[in-house]
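Working notes for the structure below.
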Amino acid sequence: MIGLTDENILANTIQSIKDLIYGGLTQRNMKSIRTCFVVTSMDSLDGDYPMYVPFNIPTNTVKVVTVYVSFTILPFRAYSKSAASSEQITTSSGGGSTTSSGGGATTSSGGGATVTSHAAYERGFPLATRIKSYIPHEDGYLIGDSGYGGPDAHGFSVTTPGHIHTVAIPSHYHYVYAHTHYVYPHTHTIPPHSHEINFGIYEVNKHPSITLYVSRDGGGTYPYRIGTYSSSQDFIEITQYVDTPGNKMLKFEATDLGRVSTQIEIKVDISK
C-alpha cells in the first residue's frame, strides 16, 4: 500500500476546510449526483400511424427532479414521388346506338266538293233553260249543271262525292352514329409497366392537431392523456407520470399527415 506524503495530506486538509467554509459539493459530502440529459426524436405520422418516442430513467436514480416535453409540428415530408409500378388496366368503350320509330299511320279526307265554272258560248241556250249532264266516274257520276243565264252564257258545276285517302308508314328504325361514324364495342388495355421515381424533398402542410400520451411501462399501456394541441409547445411537464426508474414512452397521435420534432429534458439525482 502506498502511503500519502505529507504534502498530499496537507492539501486534502486544506480542501476539506474550504469545502466546509464555502459549502462546495465534493464526492465526500454528496450522497447522490444530479444530472440532466435530453432525448430528441423526429418522425412522420398521420391519422392511422402515431409517432412513438422511447426514453429511460436510469436504474440508480434516487429522485426524478423534472421531466419536460417540447415539440414542434412540421409539414409532412416525403423523399420521392411517382408510382413505382402499375398493374394491367382494362377499360371498355361502347359501340353505336339505335333508336326506333312507330309503325303505320292513316290519314283520311271526306265530304263532297263542288267546283263551278262559267264560260261564254257563241250560241247560248234560251233563258231559264237548265241543262244537266251525268259523267261516269269510278266512284259514281259527276253531275254537270248549266244553271240559268242568258242566251250567250253557260254555267257548269262538278260535284265530287265523299271519299277517304289512306297513307301507310311502315315500322322502321333510325340509326344515330357518334361523330358521323359507327364505333364498334372495344377495350383499351394498358400492360404492366414501371415509372421512374423522382427523388427529392416534397412537403405538404395539413395543419394536423396533435394529442400527447405518456406510458410509464415502456409502451404497454397509455393511461395518461396529456392534451391535444394545434401548435408547437414548449416545456410540458410530465414529471408526475414518469417518477420511477425504467423504460418510458411518449405517443403522438395526429388528425392528418404531419411531422413532429420532440425533445425530452430529464433531470434526475443518481446515487454515487
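Every read-out reported here was derived from the displayed coordinates using simple, explicitly stated rules and does not represent laboratory data. Treat the numbers as computed from the prediction; the structure is a model and nothing was measured. Note that each Cβ is placed from the backbone with ideal geometry, even for glycine, and that neighbours are counted across all protein chains shown.
Taking amide H positions as modeled 1.01 Å from N, with prolines and chain starts lacking one, the residues under 5 Å from ILE226 and 5 or more places away or on another chain are LEU212, TYR213, VAL214. For the listed peptides 227-236, 187-196, a ranking on the average number of other beta carbons within 10 Å per residue, highest first, reads 227-236, 187-196.
Which of LYS81, LYS31 has the fewest other C-beta atoms within 10 Å, and how do the rest follow up to the most? Mind showing how you got there, number by number?
Details: LYS81 11, LYS31 8.
Ranking LYS81, LYS31 by Cβ neighbours within 10 Å, fewest first, gives LYS31, LYS81.
May I ask which of LYS63/LYS248; LYS31/LYS267; LYS18/LYS63 have a Cα-Cα span longer than 19 Å here? Check vs 19 Å cut-off fails for LYS18/LYS63.
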